[in-house]
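K.L.:
Before I ask anything, here is the structure I am working with.
Just so it is clear, none of the values below were taken in a lab; they were calculated from the coordinates. Just so we're clear, the structure is a prediction, and the values are computed from it rather than from any experiment. Positions of Cβ are backbone-derived with ideal geometry, glycine not excepted, and every protein chain shown enters the neighbour counts.
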Amino acid sequence: MKTSFLSLCLTLFCGLIFIMPQNVQAERIRDLTSIQGIRSNSLMGYGLVVGLDGTGDQTMQTPFTTQSLSNMLSQLGITVPAGTNMQLKNVAAVMVTTDLPPFARPGEKIDVVVSSLGNAKSLRGGTLLMTPLKGVDNQIYALAQGNLLVSGAGAQSGGSRVQTNQLNGARISGGATVEREVPASFAQENTLRLQLNDDDFTVAQQISDEINRRFGGSTAVAEDSRTVKLFAPSGSAAKVRFLADVQNIPIRIGIMDAKVIVNSRTGSVVMNRHVTLDACAVAQGDLTVEVSRSNQVSQPDTPFGGGQTVVTPNTQISVREQNGSLQRVNTSADLNNVVRALNSLGATPNDLMSILQSMKSAGCLRAKLETN
């Protein structure tokens, strides 16, 4: 009896899976939004890298390296006579960049990126001297110093030495210490805002409805297609718990808007879903793309045989070159088939981009077209 009951439950569960619409997916609010005002801040600084194995800046072409070293030595009590020609093959001027995380406190360690500013050949094996990192307000928020790591430099491949990366850029893991925190009014504000990653009125309203269903009342209000206003409880601890619960609420969203992204440099095409085409004809240089639709009628053999007349839509995609090469596909009017046929004929990225833009302008490409 118990076995048959479990079998019945399993059968019903499997049936519900196939009945549920397949074009609906569940996403957490944290995957769809970010909290307004809680973000990182960019920091930047100018410094010197020492200890290079003869791969530093050439001082004749980078005089700022010599000037920076002279200023640093004067602060340490060492005076360099004027007109001294310092041959600094082991020193390089660099820029140091990093992002200060939100709610970072003094004493925390953050990673930094070091990039050569002059004509140094390599930063491998160098050490970054103490470098203040400033924000847009020209205030020092962190100090960076440490040994540089150039990952993958001088890798061996097949017994021969191969350079596998750029040697004028390096990282220092935990190379900067936070000295000042960014003032935040998170604890004092009772109104917070969620910013959607993509503007969508439907998703914004769904997020507002789900939050109000979970917490009751008018806890959330959708202000526009990208912003949802939250009325949070007072107190830092209460806000943290409230946001933790809000961000983990699942949202069932349907299929997003169809979008086609074309990279004009490489010719790559990315589609977020199947994009269908209406009937159209586009001529671009030596290429001609034609999408035609027709109905195929299938009738029974005998008029009194009891059969039914079936009308099947038929779509034909033709991509033709001027020299006579032809790619013809009898299938659904899918943009993916057009792109494959164009690639097989050796279409250039500019041809592909122009054809897609012409289809979009003619109204037969029913998707958002973006060109990078």
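K.L.:
What lysines does K134 reach when the alpha-carbon gap must be under 26 Å and sequence neighbours fewer than 8 apart in one chain are set aside?
P.N.:
Candidates past the 8-residue exclusion: K109.
K.L.:
Let me ask something else about it. With r as the distance between the Cβ atoms of N272 and N350 and R0 = 30 Å, compute the FRET efficiency 1/(1 + (r/R0)^6) and round to 0.05.
P.N.:
0.80
K.L.:
Setting aside same-chain residues fewer than 8 positions from K89, which lysines have a Cα under 18 Å from its Cα?
P.N.:
K121
K.L.:
Quick one: length gained pulling N197 to S70 fully straight, 0.36 nm per residue minus the C-alpha distance? Numbers along the way, then the final one.
P.N.:
Values: separation 127, 0.36 × 127 = 45.72 nm, distance 4.84 nm.
Roughly 40.9 nm would be gained on extension.
K.L.:
A further question follows. For M44 and I261 in one chain, what is 0.36 nm times their gap in residues minus the Cα-Cα distance, to one decimal in nm?
P.N.:
74.8 nm
K.L.:
So if each residue of separation counts as 0.36 nm, and I subtract the Cα-Cα distance between D224 and R366, what length gain in nm does that give?
P.N.:
48.6 nm
K.L.:
Looking only at the stretch 199-241, which residues have a backbone nitrogen under 15 Å from a spot 7 Å from the Cα of R28 in the C-beta direction?
P.N.:
The answer is 241.
K.L.:
Report the FRET efficiency, 1/(1 + (r/R0)^6), for K134 and K89, where r is their Cβ-Cβ distance and R0 is 35 Å, rounded to 0.05.
P.N.:
0.75
K.L.:
Also: In terms of Cα to Cα distance under 12 Å, which aspartates and glutamates are near enough to K360, apart from those fewer than 8 places away along the same chain?
P.N.:
D278, E370
K.L.:
Arranged from highest to lowest average of other beta-carbon atoms within 10 Å per residue, in what order do the peptides 112-125, 38-51, 242-255 appear? Kindly include the intermediate steps, with their values, before the conclusion.
P.N.:
Working: 112-125: 20.3, 38-51: 17.4, 242-255: 14.9.
Sorting 112-125, 38-51, 242-255 by mean packing, highest first, produces 112-125, 38-51, 242-255.
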